[in-house]
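Q: Have a look at the structure that comes next, please.
Every number here is computed from the coordinates shown, using simple stated rules; none is lab data. Everything numeric in this text was worked out from a predicted model, so none of it was measured. A quick note on method: Cβ atoms are made from the backbone with ideal geometry, for glycine too, and the neighbour counts reach across all protein chains shown.
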Amino acid sequence: MLKLRLSMGGTKKRPVYKIVVADSKFARDGRFIEKLGFFNPLLPKEKKERIGLQSDRIKYWLSQGAKPTIRVARILGEKQLIPMPASGNNPQKAIPKKERKKDEADKSKEPKAEEKKEKEDKTPKVEEKKVEATKAKEDKTPKVEEKKGKEKK
């Protein structure tokens, strides 16, 4: 499957990305089919030199069935080559990780309490069934005894 994706370059702490067409099985920074542009995240968003694209080649590869990754789709959406993708909704992102773990621990404890309640609810039902079964046996037992009593007489 063909992908339009970012291939990382640059030096330590100074990334520069190439926008490339590559098979999804190829390594991120490895083999690619064609370079379609570049992206420099260190420059301010207002500068033209931040993103460079070959729009005609991008349109060609999109028509051939290449699918852009999320980040590349946003870049292409900003340049109005494709419709802007829907933004993801991650309300957990704003909460610090330690607090998220505490909340998850609290949530995992609550279902256990609910499970206990369910078990308690199930227990009387099981006991009721046992009681009904014993009553049924008792009802059958006297009938057998009555039959035996009739035979003796």
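Q: So if each residue of separation counts as 0.36 nm, and I subtract the Cα-Cα distance between residue 109 and residue 50, what length gain in nm does that give?
A: Once the chain is fully extended between residue 109 and residue 50, it gains 16.4 nm.
Q: Tell me the label-point distance for the pair residue 33, residue 13, using the 7 Å Cα-to-Cβ offset, in nm and rounded to one decimal.
A: About 3.8 nm, to one decimal.
Q: Using a Förster distance of 22 angstrom, determine the FRET efficiency expected from the C-beta separation of residue 43 and residue 80, and round it to 0.05.
A: Efficiency, rounded to the nearest 0.05: 0.65.
Q: Which entries of 3/59; 3/35; 45/79; 18/93; 12/97; 45/98 show an alpha-carbon separation above 21 angstrom in the structure shown?
A: With Cα atoms farther than 21 Å apart: 18/93; 12/97; 45/98.
Q: Checking the a/c ratio against 1.5 first, then a/b against b/c, what shape does the Cα gyration tensor give for region 2-85?
A: Oblate, since a/c reaches 1.5 and b/c is not below a/b.
Q: Related question: Residue 1: net charge of surrounding residues, Cβ under 14 Å, Lys/Arg +1, Asp/Glu -1, itself excluded?
A: Local net charge: +3.
Q: Something else now. With θ set to phi - 60°, apply the Karplus curve 6.51 cos²θ - 1.76 cosθ + 1.60 along region 53-70 and write out the HN-Hα couplings as whole Hz, x wherever there is a Gly or Pro.
A: 10, 9, 4, 5, 5, 5, 4, 4, 5, 5, 5, 7, x, 6, 10, x, 6, 4
Q: So, one more: Report the extension gain between residue 69 and residue 92 in nm, rounded to one decimal, defined as 0.36 nm multiplied by the number of residues separating them, less their alpha carbon distance.
A: Taking 0.36 nm per residue and subtracting the Cα distance, the gain is 6.0 nm.
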